[in-house]
Amino acid sequence: MYRELEKAIEYSFKDPTLLEEALTHPSYGKTDYQRLEFLGDSVIGFIVSEWLFKEFPLSDEGKLSKLKHYLVSKKNLACWSSVLNLHNYIKVGRSLSKENISEHLHILADTFEALTAAIYLDGGIENVRKLINKLLETHFEVEKIDLLVDPKNELIKFVSKNNLSCPEYNVVSISGPNHKKVYEVECRVGEVAVTKESSSKKEAENEAAREILTILKACQTTKNL
Ligand code: MN
């Protein structure tokens, strides 16, 4: 049942019940992944920090923290989870439909955390290190992340350096039912405005800041020609 998955993670479990536990959502009503998730969170933090420490010998701790913050984020762990197709193996109760699992980023991320703890308990830290280092080497582009980490902060730095007006953020609208709200947020720098939607206000602000930064940079390049 888990053969394909074990191939993807390049690890075979001595105790498959650990793997099963890591892939059992609380709604299923059996021993679920929450305790493993708790442990996995720290295991990932350790391995990611160790990798960053060795990979970026010239970076200060501020930059390392930023990168770590991104790498252990729900968004990134959900991405790694999808790379391994974990959503195909998660056992959920009837309250959750299996087809929509891949839309629940937190479930994807939590399952990845639980999986790392299960590998750690079953096969030791070395096997977790192998898996995470491989994901880091194949699914992490540091050049992209630099900007992605904190676009709002990058935007502030950019406008002050170029004497532009201070960025303003406004919630244009909130729609959708309570459990699935959509925030529409506008980011404005002087005459330039960008509107973005997301289920989180912060994410919408980040997206808008990221795009406006790209626009402002392009304008600046044209001006300098
Ligand atoms: Mn979690």
Given the range 151-224, what whole percent of its Cα pairs are spread farther than 15 Å?
52
Are there GluC sites (Glu not before Pro) in the range 86-189 that DSSP puts in a loop and that have at most 14 other Cβ atoms within 10 Å, and which ones?
Glu141
So how tilted is helix 201-224 from the main axis of the chain? Cα-based, degrees 0 to 90, rounded to 10.
50
Cβ-derived FRET efficiency at R0 45 Å, Phe56 paired with Asp15, nearest 0.05:
0.80
The chain, relative contact order [Cα under 8 Å, separation at least 6], %
18
All other residues with a Cβ under 9 Å from the Cβ of Asp122 taken together, and with Lys, Arg as +1 and Asp, Glu as -1, what is their net charge?
0
Cα to Cα, under 21 Å, and not fewer than 8 places away if on the same chain: which lysines meet these conditions relative to Lys217?
Lys144, Lys152, Lys157, Lys161, Lys196
How far is it, in nm, from the label point at Ser27 to the one at Met1 when both lie 7 Å from their Cα along the line to the Cβ?
1.9
Mind pulling the angle between the C-alpha long axis of helix 151-161 and the longest principal axis of the chain? Nearest 10 degrees, somewhere in 0 to 90.
30
Calculate the FRET efficiency for Ser160 and Lys130 from the Cβ-Cβ distance with a Förster distance of 35 Å, rounded to the nearest 0.05.
0.20
Expressed as an acute angle from 0 to 90° and rounded to the nearest 10, what is the orientation of the C-alpha long axis of helix 34-55 relative to the principal long axis of the chain?
60
Using r as the Cβ-Cβ distance of Arg94 and Ser73, and R0 as 22 Å, what FRET efficiency do you calculate, to the nearest 0.05?
0.15
Can you put His87, His106 in order of Cβ neighbours within 10 angstrom, beginning with the fewest?
His106, His87
Please sort by residue number the trypsin sites (Lys or Arg not before Pro) in the range 82-157 whose DSSP state is loop and whose Cβ has at most 10 other Cβ atoms within 10 Å.
Arg94
Classified through the alpha carbon gyration tensor (a ≥ b ≥ c as square roots of its eigenvalues; rounded if a/c is under 1.5, else prolate when a/b is larger than b/c, else oblate), the chain comes out oblate
Which ordering of Cys79, Cys166, Cys187 is given by a fewest-first count of other beta-carbon atoms within 10 Å?
Cys166, Cys79, Cys187
Show which aspartates and glutamates lie in cross-link reach of Lys130 when reach means a straight Cα distance below 20 angstrom and same-chain residues fewer than eight apart are skipped.
Glu4, Glu6, Glu10, Asp15, Glu37, Asp41, Glu50, Glu55, Asp110, Glu113, Asp122, Glu141
Across the range 1-87, qualifying lysine pairs (alpha carbons under 20 Å, at least 8 places apart or different chains) come out at 7
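Values quoted throughout were computed directly from the atomic coordinates according to the rules given, and no laboratory measurement underlies them. As the structure is a prediction and not an experimental result, all values here were calculated from the model. Backbone-built Cβ (ideal geometry, glycine too); neighbour counts: all protein chains shown.
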